Amino acid sequence: MLRICASEAVGESVTLQLDGQVTGRWVMLLQATCEAHLKNGSRVIIDLKNVSFADRNGIALFQSFKHRQVEFLNALPFIAEQMGRATP
């Protein structure tokens with residue numbers, strides 16, 4: 001399960017606070033949520049403080065968003081290491 005809480009700062013940026021696991025169908029939910037904010041021209045920041053696990057698809061999504069200048073905060077060391085690896 002994944003909970004996404006968005007807090008916007010005067011239309012300039014939005015911080016998405018994630019709670020849970022980025023797996024399965026929740027990957028698509030996170031992608032849709034991020035895409036909506038990116039299309040509006042907002043800078044997106046994703047806070048991973050309360051993310052306990054991300055599967056292969058979740059990590060791939062994080063990597064793709066890093067290439068689009070999405071900022072990530074507070075990732076667990078294992079998740080941060082996986083995000084830094086090149087996509088196979």
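Any read-out appearing in this document is the output of simple, stated calculations on the displayed coordinates, not a laboratory observation. On a predicted model such as this, the values are computed, not experimentally measured, just so you know. Positions of Cβ are backbone-derived with ideal geometry, glycine not excepted, and every protein chain shown enters the neighbour counts.
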Which members of region 10-51 meet the condition of being surrounded by 14 or more Cβ atoms within 10 Å (Cβ to Cβ), of a type in the set (D, E, K, R) and in contact with a Ser or Thr (Cβ under 8 Å, 6 or more places away or on another chain)? ARG43, ASP47
Considering each residue of region 16-39, count those that are small (Gly, Ala, Ser) and without any contact (Cβ under 8 Å) to a residue 12 or more places away in the chain, and give that number. 2
Taking into account only those residues within region 23-73 that are basic (Lys, Arg) and part of a strand (DSSP E or B), which is nearest to LEU2 (Cα to Cα)? LYS49
